[in-house]
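Throughout, read-outs are computed from the coordinates displayed, never taken from laboratory work. The model shown is predicted, which means the values in this text are computed figures rather than measured ones. For neighbour counting, all protein chains shown are included, and Cβ atoms are generated from backbone atoms with ideal geometry for every residue, glycine included.
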Amino acid sequence: MSINNNIGELAEAYVSGSLRETEVLELKSRLETDTVFANEFYEMTNLIRSFQGSGKQKRFRSMLRDITTSSKRRRLTKRPVISFSHPSFGAQPLWLQAWPYLPLLSLSGA
């Protein structure tokens, strides 16, 4: 790519890192000598980077939106609730009430 080409194409290639080393050296020397070119070039690179940042932000928002909608769908599905504590057993779970009798149950099966 020649340095005399379109500033937009040159800035896009520079930001993406697709310029060869010799082209980068040519570009840097022109940026040091030509202030008008340098101002337009830096303005274009800033514009390209802001477009890239805006695209990343939109993708991030879209991912967050997908996560929230999928979590809402999961919350809407009803699942059975299994509880091992029952008011007739008191506040303790059933296995905790049966704990003192477990050794007796293991002896009776032998």
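Numbers for the structure displayed
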{"read-out": "Long-range amide H partners of L19 with built H, under 5 Å", "value": "none"}
{"read-out": "Pairs of alpha carbons in the stretch 7-76 whose separation is greater than 19 Å (percent)", "value": "51 percent"}
{"read-out": "From phi via Karplus (6.51, -1.76, 1.60), per-residue ³J(HN,Hα) for the stretch 40-53 in Hz, x at Gly/Pro", "value": "5, 5, 5, 5, 5, 5, 5, 5, 5, 5, 5, 4, 5, x"}
{"read-out": "Trypsin sites (Lys or Arg not before Pro) lying in DSSP loop within the stretch 3-47, provided at most 15 other Cβ fall within 10 Å", "value": "R20"}
